[in-house]
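Enquirer: Sharing a structure with you now.
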Amino acid sequence: MNGVVDKMENTFTDFWIGLYEDVVTWRWSMSDEGHYGDGEAEFRNWGDGEPTNESGIQHCAGIQHMGQWKDQDCDLLHYFLCFDGRSGAPETKILVETAMKWTDAQRYCREYHTDLLSVRNQAENLEIQSMVPAGKLAWIGLFIDSWKWSDGSYSTFRYWSSRPHNSSGEGPNCAHVYHRKWSVRSCDTESMFLCYYYKKRSVVKISINSDMSDPVIRQQILNQLEADMKRKGITDFKIRWLTSRRVSHKEAPQYMPPEGGET
């Protein structure tokens with residue numbers, strides 16, 4: 001985010017990003033899809049009558065010592081459970097017995113471990129409920145979110161200037177950067193916007209005993225490479241030559257997608 005605003009600040013201080021408001025759903029703070037098995041991201045163990053979303057502000061979930069989940073105001077102070085899955089160490093679950101707001105607990109877990117804990121199945125739920133002291137509730141990584149990224153990516157990063165509750169009411173809501181922070185307004189508002197594209201480049205080195213300065217030979221090789229790419233179902237690509245100056249008769253064709261495209 002700092003890189004984006006530093007790049008744009010001298011030109012624009014107000015521009016759209018790809019975040020928009022959609023259907024309200026419960027989701028996990030840990031967004032790594034590889035962390036979840038089939039159906040595990042949808043596992044829930046709500047207590048009777050939960051979630052209630054009382055007063056429209058209970059947007060975070062915690063687990064009680066008997067294993068049932070409750071939705072709570074995210075600004076309440078509770079113990080919390082972190083997950084540590086950093087490389088080079090065994091996966092661990094940690095109860096932090098310091099009461100914090102949900103967002104502060106998330107920040108702590110991400111700084112010192114990996115993230116707030118995701119509870120993926122009933123066996124894991126039974127394991128962690130024994131970690132919660134009697135009469136206490138501990139935050140887990142489940143929270144209500146109505147904001148989605150237009151490219152379909154699953155990122156929980158937010159940089160709001162304040163809670164995004166208010167907008168003009170003139171249509172669906174979208175997020176924009178305004179003086180280095182995120183704000184909300186109607187998606188129908190006209191504004192500058194920031195795009196990104198992804199370009200992938202592959203280099204293939206070929207060594208042959210032929211005169212690569214001969215355009216006929218070069219074209220024959222390009223034709224063979226293009227035919228091979230198409231047989232593999234790859235159609236959105238470009239190929240160009242880079243000649244190695246260190247070794248004679250060695251060429252490096254590069255697959256170059258068109259601007260904005262992806263190989």
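The values are calculated or read from the model by the stated rules, or taken from the named source; none is laboratory data. Quantities reported herein were computed from a predicted structural model and do not represent experimental measurements. Here the Cβ is made from the backbone with ideal geometry for all residues, glycine too, and neighbour counts use every protein chain on show. SASA here: full protein model, heavy atoms, side chains in, ligands and nucleic acids out. Shrake-Rupley method; radii C 1.70, N 1.55, O 1.52, S 1.80 Å.
Enquirer: For the structure I just gave you, tell me whether ALA99 is at pLDDT 95 or above and of a type outside the set (Val, Ile, Thr).
Expert: Here the answer is yes, as ALA99 does meet what is asked.
Enquirer: Looking at segment 219-240, which of the residues that are among the charged types (D, E, K, R) and in contact with a Pro (Cβ under 9 Å, 6 or more places away or on another chain) is modelled with the lowest pLDDT?
Expert: Checked segment 219-240; the qualifying residue modelled with the lowest pLDDT is ASP236.
Enquirer: When segment 59-82 is examined, which residues are found to be open to solvent by 10 Å² or more (accessible area, probe 1.4 Å) and within 20 Å of ASN125 (Cβ to Cβ)?
Expert: GLN64, HIS65, MET66, GLN68, LYS70, GLN72, HIS78, TYR79
Enquirer: Which condition number in (1) closer than 24 Å to ILE140 by Cα; (2) assigned to a strand (DSSP E or B); (3) under 24 Å from the mean Cα position of the chain (by Cα); (4) of a type outside the set (Phe, Trp, Tyr) is the one that ILE63 fails?
Expert: (3)
Enquirer: What pairs can you find where one residue is in segment 123-151 and closer than 13 Å to LEU95 by Cα and without any contact (Cβ under 8 Å) to a residue 40 or more places away in the chain, the other is part of a strand (DSSP E or B) and not acidic (Asp, Glu), and their Cβ atoms are less than 9 Å apart, with a gap of 6+ or different chains?
Expert: GLU127/LYS93
Enquirer: Could you list all residues from segment 141-157 that are open to solvent by less than 60 Å² (accessible area, probe 1.4 Å) and outside any strand (DSSP E or B)?
Expert: Within segment 141-157, SER153, SER155, THR156 meet the criteria.
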